[in-house]
Amino acid sequence: MVSTSDTTVLIFGASGDLTSRKLIPALFRLSQQQYLSSRCAVIGVARRPKSHHEFRTEMRDTVQARLGENKFDAAAWDVFAQQLFYQQLDITNPDEYATLRTSVQTIESQVGAGNASARIVYLATTPDLIAPAVEGLSTSGMIPPRESESLLRVVVEKPFGRDLSSAQDLTIALSRHLQESQIYRIDHYLGKETVQNILLFRFGNAIFEPLLNRNHVDHIQITVAEALGMEGARGGYYDTSGAMRDVLQNHVLQLLCLIAMDPPSLFHGREIRDEKMKVLQALRPGVIGPVGNWAIRGQYAAGLVNGQPALAYRKEDRVNPNSNRETYVAMRVALDNWRWAGVPFFLRTGKRMPKQLTEIAIQFKNPPLNLFSTVECDGDLCDLVETRPNTLILRIQPQEAISLRFSTKRPGMNYQVQPVSMDFEYGDHFTAQLPEAYERLLLDVMRGDSTLFTRSDELEAAWRFVTPVLESWESSNSVPDLYPAGTWGPTSADRLISETKSRWRAPT
Ligand SMILES: NC(=O)c1ccc[n+]([C@@H]2O[C@H](COP(=O)([O-])OP(=O)(O)OC[C@H]3O[C@@H](n4cnc5c(N)ncnc54)[C@H](OP(=O)(O)O)[C@@H]3O)[C@@H](O)[C@H]2O)c1
């Protein structure tokens, strides 16, 4: 195991939910696996006064509660805790950064970090604090000169803006003091093992890639479904955001890029991001005409999820009872390039769907001639049974898997068609626990590898595509189409796909 070189990780927003639920557990796991050099300091930074000891105790309690008594390794925690520190700072007060700088230097010398150690500032705070934080780092001299830019990396959490113009403002605010190579916009989806496997599956095997184009693919469906609603007081935030901003603009479009991009010439950050960018540049509405022809928004009404009654969205805690916020989006889009011209891509995401599921389903074209159609009768009821199109499914979560559906001959004296599938499940083949997304992404920042982070041009291209849809919804008097909680979305979304003689998958 190779540990990172000396790195100081400053987490702004250290008393927040993200820090205790994701960042500290991820850093602890990296420490347990000896990925964290003993000269790496992790410094929590937030407004409330707190001693190092109080911070360590709070973090230990949360991590222990999450892992459970049996799985928590107290000895390993004691090693990690030696590297854990706290510094009070009001991000909006420029006068406090000089103290921060001195404290960081003191802590770095305490853990034995060399002068050339890199610093990572993880902004786990609300977006309005990003600009003041970067200003403060700059005025206190914590941003190194251009020739040593790799000594500071700043991690920014989503949301990266609410629309095109706010995303551009954010980019301008960051670029006033930082180079693009110093900015790591984190989309935790890209840290998932199975998302990264899309690239290896496509470009590490010779037999699938030649089929992924307009000659063989009928259409592609990308689904990011959640069974959850507005638990944990999430309604307040969600009601200002919605499914488009929260999931489609980032996670779904990133999955689209990974499945549709051309092979990069090198497996390096710049080359991969260049190819993803070309996909976003080729992105178009799948049907001409008004937004309603190719994008549908929905909102859940009361229903049953996994047999349990679920409230309507408008009745959820902290949600405006007249809210028109979308909890579901479906889109038919197209890519104007040689590889994908004429192939529809169907994208959908929603809350309160029957189950949590993220998958990419590639449906291939039918064979040019159907030689095996048979009529099967049960009493008076007869059915035409034909070969079904092959489908390749990349399941990202849960139970990460790759599955290929094809037709086979049912044993017997006649040629009868039987659809079957070949399945590869991660859990069956690999016993090692898959690393958490944040673990992988934090390690990448420490290594200075930006491959799995979103570049500003990708971000802008994604916003450029979805902003007109949001504006059209927000300026019109229309309301989202309702769907009962526990279903796969409003029936209006069927219209998008039925023209292609297909239907949305309803995976069991
Ligand atoms: N939570 C998640 O799972 C999650 C997932 C994806 C993205 N995100 C994003 O990550 C960011 C943080 O989310 P969160 O849920 O952790 O937020 P949170 O629980 O509300 O925590 C906010 C943190 O910011 C600190 N803070 C606020 N004002 C400050 C100031 N003026 N100076 C210094 N510190 C200040 C707070 O410190 P004090 O308590 O000391 O005031 C607190 O530590 C948000 O942008 C969110 O959208 C979160």
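General observations
- Cα-derived Rg over Rh, computed across the stretch 7-157 with Rh taken as Kirkwood radius: 0.95
- Label-point separation in nm, residue 337 to residue 149, each point 7 Å along Cα→Cβ: 2.5 nm
- Rounded if a/c under 1.5, otherwise prolate or oblate - the stretch 327-386, Cα gyration tensor axes: oblate
- Entries of 355/409; 192/501; 365/409 with Cα pairs more than 21 Å apart: 355/409; 192/501
- Three-way shape call for the stretch 377-470 based on the alpha-carbon gyration tensor, with the a/c threshold at 1.5: oblate
- Across the stretch 426-456, the residues whose backbone nitrogen lies under 16 Å from the label position 7 Å along the beta-carbon direction of residue 266 are 448-452.
- Positive minus negative residues near residue 91 (Lys, Arg vs Asp, Glu; Cβ under 11 Å): -3
- Anisotropy class of the stretch 416-474 from Cα gyration tensor, a/c 1.5 cut: oblate
- Among the chymotrypsin sites (Phe, Trp or Tyr not before Pro) within the stretch 41-96, those in coil by DSSP and having at most 16 neighbouring Cβ atoms inside 10 Å are 72.
- Nearest-ten-degree value, helix 52-67 long axis tilted from longest Cα axis of the chain: 20 degrees
- Residue-span extension gain [residue 213 to residue 416] - 0.36 nm each, minus C-alpha spacing: 70.1 nm
- Subtracting the Cα-Cα distance of residue 423 and residue 503 from 0.36 nm times their residue separation leaves 26.6 nm of extension gain.
- Angle between the chain longest axis and helix 437-447 axis [Cα atoms, degrees, rounded to 10]: 50 degrees
- Residues of the chain: accessible area per residue with a 1.4 Å probe, Å²: 47 Å²
- Reducing the stretch 267-333 and the stretch 99-161 to their Cα centroids gives an inter-centroid distance of 34 Å.
- Each Lys or Arg adds one and each Asp or Glu subtracts one; over the other residues with Cβ under 13 Å from the Cβ of residue 433, this totals -1.
- Only protein atoms count toward the accessible area here, which uses a 1.4 Å probe; on the stretch 7-157, the carbon and sulfur part of that area reaches 47 percent.
- Net charge contributed by nearby residues that have their C-beta within less than 15 Å of residue 315 (K/R +1, D/E -1): +2
- In straight-distance terms, cross-link reach from residue 50 covers every one of the lysines whose alpha-carbon lies under 23 Å from its own, apart from those fewer than eight places away in the same chain; here that gives 22.
- Spatial separation of Cα centroids for the stretch 165-215 and the stretch 340-356, in angstrom: 19 Å
- Largest to smallest accessible area among 216, 268 [probe 1.4 Å]: 268, 216
- Helix 97-111 axis, angle to the chain major axis (alpha carbon atoms, nearest 10°): 90 degrees
- Loop-located trypsin sites (Lys or Arg not before Pro) across the stretch 364-405 with a Cβ neighbour count of 16 or fewer within 10 Å are 365, with loop assigned by DSSP.
- Inter-site label distance for residue 95 and residue 34 at 7 Å from Cα along Cβ, in nm: 4.9 nm
- GluC sites (Glu not before Pro) restricted to the stretch 283-389 and DSSP loop, no more than 16 other C-beta within 10 Å: 386
- Average projection, convex hull of the Cα set of the chain: 27.7 square nanometres.
The values are calculated or read from the model by the stated rules, or taken from the named source; none is laboratory data. Everything numeric in this text was worked out from a predicted model, so none of it was measured. All Cβ positions, glycine included, derive from the backbone under ideal geometry; neighbour counts span all protein chains shown. We work out accessible area using only protein heavy atoms, side chains counted, and drop any ligands, DNA or RNA first. Shrake-Rupley method; radii C 1.70, N 1.55, O 1.52, S 1.80 Å.
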